[in-house]
Amino acid sequence: MNCDKVDKKMDKLVSLREAVEAFLIDGCTFSYGGIAGREPMAVVLEIVRQGYKNLTLITAVSTDPANILLGAGCLKRIEMAYAWIGIVGSGLNLRRAVEKGIPNYVEVREYSNYAASLRFLAGAMDVPFLPTRVMLGSDIPTYNEDIKITDCPYTGEKLALVPAARPDVAFIHVQKADRMGNCQIWGVESNDANIARAAKKLVITCEEIISTEEIRSLPNMTAIPYYCVDAVVHLPLGCHPLPVAGYYAMDLPFRREFMKYNRTHEGFRQWLNEWVFSLEDHQEYLEKLGQDRLEKLKKLETDFNPMPVLLKEVSHK
């Protein structure tokens, strides 16, 4: 099937701006995929650019995206294990929001990594909760009233029950997708397959749009099927400065520079003005970064990761 001859009823391709406008509203709950890689940075910057407020972010762990949303005042509540700026620094915007209400106070519902992941599994299974032994030896249930401690009806042992996560919308970045929404994920999948099934609406952003024929040539690579997907956005370099396996490496100098601004809220606002509000869209963001810088990141990844070449060889046999 030719990518350009997809049945229009199954053609879900839209722009990033259209996807965010169509599926996100003030006060809703949302999630996104990836972990220290494939986190949808361009989506987050568009959310900030459009000025959404009072959102609840549900995820397991997050790096730069959560801290940007917190510093921009988009969130009223987070439900996750932790948010930090992996490798280069701490999540200072989270500290400022929780401790000082800068730019606004944020409610926190903390879980362990595993428990936060179980919540998406419960949502994907369409059950109201799942039991676990984790966190019983900690104070997490003491400060998170959404975790219920109960006796197992079979063994009598104590169990922690964690509620299912069913975000109103989720955004997941993948390496390849067809216009219907069949998605290939290379490398670490994180909780993405379960998030896709737990979310009420799902927007996929991807590095490449490929034909359904190519998707079908490697069916085991389809991590998210089209019937979970409501919209597809072609968004090359949509996770910069975070990496995407097989496409580009982490931009550590960019992230270190971000941390310099992030030491104060005033500095963070300067960064937002330069990298978000002064730019029209993701394309202008890439133009500001410069083609030479982006090409170096792509080369750095492909020099150390043979996966793209190997997959192309297999798919064309």
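Name the residue, out of Ser138, Ser117, that is in contact (Cβ under 8 Å) with a residue 60 or more places away in the chain and either open to solvent by 30 Å² or more (accessible area, probe 1.4 Å) or not charged (D, E, K, R) (or both). Don't jump to the end; show me each part of the working.
Working: Ser138 fails: in contact (Cβ under 8 Å) with a residue 60 or more places away in the chain.
It is Ser117.
Does Thr155 fit the bill of being over 22 Å from Leu202 (Cβ atoms), in contact with a helix residue (DSSP H, G or I) (Cβ under 7 Å, 6 or more places away or on another chain) and surrounded by fewer than 20 Cβ atoms within 10 Å (Cβ to Cβ)?
Against the criterion (over 22 Å from Leu202 (Cβ atoms), in contact with a helix residue (DSSP H, G or I) (Cβ under 7 Å, 6 or more places away or on another chain) and surrounded by fewer than 20 Cβ atoms within 10 Å (Cβ to Cβ)), Thr155 does not qualify.
In this structure, is Ala165 touching a strand residue (DSSP E or B) at 6+ places or on another chain (Cβ under 9 Å), among the hydrophobic types (A, V, I, L, M, F, W, C) and assigned to a loop (DSSP other than H, G, I, E, B)?
Numbers: touching a strand residue (DSSP E or B) at 6+ places or on another chain (Cβ under 9 Å): yes; among the hydrophobic types (A, V, I, L, M, F, W, C): yes; assigned to a loop (DSSP other than H, G, I, E, B): yes.
Considered against the rule, which asks whether it is touching a strand residue (DSSP E or B) at 6+ places or on another chain (Cβ under 9 Å), among the hydrophobic types (A, V, I, L, M, F, W, C) and assigned to a loop (DSSP other than H, G, I, E, B), Ala165 comes out as yes.
Do the conditions hold for Ser190, that is, is it over 26 Å from Thr56 (Cα atoms), hydroxyl-bearing (Ser, Thr, Tyr), open to solvent by 10 Å² or more (accessible area, probe 1.4 Å) and touching a residue at least 12 places away in the same chain (Cβ under 8 Å)?
On the way: over 26 Å from Thr56 (Cα atoms): no; hydroxyl-bearing (Ser, Thr, Tyr): yes; open to solvent by 10 Å² or more (accessible area, probe 1.4 Å): yes; touching a residue at least 12 places away in the same chain (Cβ under 8 Å): yes.
For Ser190, the condition - over 26 Å from Thr56 (Cα atoms), hydroxyl-bearing (Ser, Thr, Tyr), open to solvent by 10 Å² or more (accessible area, probe 1.4 Å) and touching a residue at least 12 places away in the same chain (Cβ under 8 Å) - is not met.
Identify the residue in segment 99-108 that is open to solvent by 30 Å² or more (accessible area, probe 1.4 Å) and either under 18 Å from Glu145 (Cα atoms) or among the hydrophobic types (A, V, I, L, M, F, W, C) (or both) and, among all such residues, is nearest to the chain's Cα centre (by Cα).
Kept after step one, since they are open to solvent by 30 Å² or more (accessible area, probe 1.4 Å), are these residues of segment 99-108: 99-100, 102-105, 107-108.
Still in the list and also either under 18 Å from Glu145 (Cα atoms) or among the hydrophobic types (A, V, I, L, M, F, W, C) (or both): 102, 107-108.
Working: Ile102: 23, Glu107: 20, Val108: 18 Å.
That would be Val108.
Which residue pairs have Cβ atoms closer than 9 Å, lie 6 or more positions apart in sequence or on different chains, and pair a first residue in segment 121-133 that is more than 17 Å from Ile224 (Cα to Cα) with a second residue that is modelled with pLDDT of 95 or more and of a type in the set (Asp, Glu)?
Taking only residues 6 or more apart or on different chains, the pairs are Arg133/Glu157.
Determine which single condition Ile215 fails, assuming it passes every other condition in (1) under 25 Å from Ile47 (Cβ atoms); (2) in a helix (DSSP H, G or I); (3) open to solvent by less than 20 Å² (accessible area, probe 1.4 Å).
(1)
For segment 298-307, name all the residues that are touching a residue at least 60 places away in the same chain (Cβ under 8 Å) and surrounded by 17 or more Cβ atoms within 10 Å (Cβ to Cβ).
Initially, segment 298-307 is screened for residues touching a residue at least 60 places away in the same chain (Cβ under 8 Å), giving 305, 307.
If the condition is that a residue be touching a residue at least 60 places away in the same chain (Cβ under 8 Å) and surrounded by 17 or more Cβ atoms within 10 Å (Cβ to Cβ), then Asn305 is the only one that fits.
When the residues of segment 270-297 are narrowed to those that are in contact (Cβ under 8 Å) with a residue 12 or more places away in the chain and within 18 Å of Leu92 (Cβ to Cβ), which ends up farthest from the chain's Cα centre (by Cα)?
Checked segment 270-297; the qualifying residue farthest from the chain's Cα centre (by Cα) is Trp271.
Considering each of Gly238, Gly267 in turn, give the residue that is open to solvent by less than 10 Å² (accessible area, probe 1.4 Å) and touching a residue at least 60 places away in the same chain (Cβ under 8 Å).
On the way: Gly267 fails: touching a residue at least 60 places away in the same chain (Cβ under 8 Å).
The conditions single out Gly238.
Quick one: in segment 102-159, which of the residues that are among the small types (Gly, Ala, Ser) and in a helix (DSSP H, G or I) is farthest from Asp192 (Cα to Cα)?
The first filter runs over segment 102-159 and keeps only residues among the small types (Gly, Ala, Ser), leaving 112, 115-117, 122-124, 137-138, 156.
Filter again for in a helix (DSSP H, G or I), leaving 115-117, 122-124.
Details: Ala115: 15, Ala116: 13, Ser117: 10, Ala122: 13, Gly123: 12, Ala124: 11 Å.
Restricting to residues being among the small types (Gly, Ala, Ser) and in a helix (DSSP H, G or I), the top hit is Ala115.
Which one of the conditions (1) in a helix (DSSP H, G or I); (2) touching a residue at least 60 places away in the same chain (Cβ under 8 Å); (3) closer than 28 Å to Arg263 by Cβ does Ala97 fail to meet, given that it meets all the rest?
All conditions pass for Ala97, except number (2).
The values are calculated or read from the model by the stated rules, or taken from the named source; none is laboratory data. Remember, predicted model here, so these are calculated numbers, not experimental data. Note that we place each Cβ from the backbone using ideal geometry, even for glycine, and neighbour counts take in every protein chain shown. Remember, those area values only see protein heavy atoms, side chains included, never the ligands or the DNA or RNA. Shrake-Rupley method; radii C 1.70, N 1.55, O 1.52, S 1.80 Å.
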